[in-house]
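The values are calculated or read from the model by the stated rules, or taken from the named source; none is laboratory data. From a predicted model like this one, the values you see are computed outputs, not experimental measurements. For neighbour counting, all protein chains shown are included, and Cβ atoms are generated from backbone atoms with ideal geometry for every residue, glycine included. To get the accessible areas, we keep the full protein, side chains included, count just its heavy atoms, and leave off ligands, DNA and RNA. Shrake-Rupley method; radii C 1.70, N 1.55, O 1.52, S 1.80 Å.
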Amino acid sequence: MKAYMTNGTTDFLLKLNDKHPKLHFYLMTNPSSTLAYYEGHVKNVFASGRAYDVLLRTGDLLENGFVIMNNIPVTEEGRPVFEESFKNRQHKVDVMPGFQAFRLLKPHKGNIYVVLTQWARKSDFDHWKNSEQFADAHKKSVKPPAYFADRPFLTSYHMYNPDEEQ
């Protein structure tokens, strides 16, 4: 399965539904941007966007919720080790209250993998982040894994709600 995302203005991205009625776009917003995301066995319809292979998938993305994306730069030679570590994960996040969906996205271009999780509310993510299960799943060594090409960074979004002022 493939996943695609692009950033743009909310007004522009809302028009994607009219332009591509057979695709289901998930719109996500934060104070500085709006993101459109879709997945499936289809081609990329974005003129400028990012394409990924969906390596791991749990749950279904929903129209409401809070999305956190952990953007992880991985070295070329570290990709197999990184991917294998996720395939062997213990799925502790999947059973947390408020958990909705998980995706491990491998980039078609570049080296930044995306670990996407969707939660019912931001407070559910915060509960996970402060839990013993999180600490156990993210046991930190003294230094970052050798396969990190750079420091990971987080982006967060709320699913777009037309009834809320953006």
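Of all residues in region 56-78, count the ones that are over 12 Å from Leu116 (Cα atoms) and of a type in the set (Val, Ile, Thr).
Of the residues in that region, 2 qualify.
Quick check, is Phe102 touching a Gly at 6+ places or on another chain (Cβ under 8 Å), assigned to a strand (DSSP E or B) and either farther than 20 Å from Gly49 by Cβ or at pLDDT below 75 (or both)? Full working, then the answer.
Numbers: touching a Gly at 6+ places or on another chain (Cβ under 8 Å): yes; assigned to a strand (DSSP E or B): yes; either farther than 20 Å from Gly49 by Cβ or at pLDDT below 75 (or both): yes.
It is true that Phe102 is touching a Gly at 6+ places or on another chain (Cβ under 8 Å), assigned to a strand (DSSP E or B) and either farther than 20 Å from Gly49 by Cβ or at pLDDT below 75 (or both).
Please enumerate the residues belonging to region 129-162 that are more than 30 Å from Gly8 (Cα to Cα) and modelled with pLDDT of 80 or more.
Within region 129-162, the subset more than 30 Å from Gly8 (Cα to Cα) is 130-147.
Result: Asn130, Ser131, Glu132.
Output the residues belonging to region 8-36 that are under 20 Å from Leu105 (Cα atoms) and in contact (Cβ under 8 Å) with a residue 40 or more places away in the chain.
Step one: list which residues in region 8-36 are under 20 Å from Leu105 (Cα atoms), which gives 23-29, 34-36.
Matches in region 8-36: Tyr26, Leu27, Met28, Thr29, Thr34, Leu35.
Looking only at region 19-42, decide whether some residue is touching an Asp or Glu at 6+ places or on another chain (Cβ under 7 Å) and in a strand (DSSP E or B).
Just the residues of region 19-42 that are touching an Asp or Glu at 6+ places or on another chain (Cβ under 7 Å), to begin with: none.
No, that holds for no residue.
Any idea which residue in region 1-50 is least open to solvent (accessible area, probe 1.4 Å), counting only those that are of a type in the set (Asp, Glu) and under 18 Å from Met159 (Cβ atoms)? Let's see the steps before the verdict.
Taking region 1-50 first, the residues of a type in the set (Asp, Glu) are 11, 18, 39.
Subsequent filtering for residues that are under 18 Å from Met159 (Cβ atoms) retains 11, 39.
On the way: Asp11: 109, Glu39: 44 Å².
Filtering first and then ranking leaves Glu39.
Tell me which of these Gln90 doesn't satisfy, since it passes every other one: (1) touching a helix residue (DSSP H, G or I) at 6+ places or on another chain (Cβ under 7 Å); (2) in a loop (DSSP other than H, G, I, E, B); (3) at pLDDT 95 or above.
It fails just one condition, (3).
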